[in-house]
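Visitor: Handing you a structure now.
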Amino acid sequence: ESIFHEKQEGSLCAQHCLNNLLQGEYFSPVELSSIAHQLDEEERMRMAEGGVTSEDYRTFLQQPSGNMDDSGFFSIQVISNALKVWGLELILFNSPEYQRLRIDP
């Protein structure tokens, strides 16, 4: 068996990281963009709970997505949700859960 390695193209670090980790071409920029848009919509709905006429909500709507941009950037939340598709969980290295795992693997 050979090891899958997707070479870096542009700024698609998240895509390449996920595909290399999963050992195949599982995620494309389009699929990661879809996850990012879902996260954006969830954030928009949460912000709307404070009132759609509030200054915070209007300011939020004026800002670009924090989950992706045109350069190929995808947020850690997009990466985490992509891993969930495969039943995997991303544990942040500075989280209390990670600290417990380091002490008692």
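Coordinate-derived values only; no laboratory data. Worth saying up front: this structure is predicted, and the values here are computed from it rather than measured. Positions of Cβ are backbone-derived with ideal geometry, glycine not excepted, and every protein chain shown enters the neighbour counts.
Visitor: Roughly what % of Cα-Cα distances in the chain sit above 24 Å, to the whole percent?
Guide: 40 percent
Visitor: For the pair Asn94 and Ile3, how long in nm is the line joining their label points, each one 7 Å along Cα→Cβ?
Guide: Reported label-point gap for Asn94 and Ile3 is 3.0 nm.
Visitor: What are the ³J(HN,Hα) values, in whole Hz, obtained from phi via the Karplus relation 6.51 cos²θ - 1.76 cosθ + 1.60 with θ = phi - 60°, for each residue of the range 13-25 in sequence order, with x given for Gly and Pro?
Guide: Each residue's phi maps through the Karplus curve to give 4, 4, 4, 5, 4, 4, 5, 5, 4, 7, 6, x, 8 Hz.
Visitor: Now, a different point. Defining a contact as two alpha carbons under 8 Å apart and six or more residues distant in sequence, what relative contact order in percent does the chain show?
Guide: Reported relative contact order: 25 percent.
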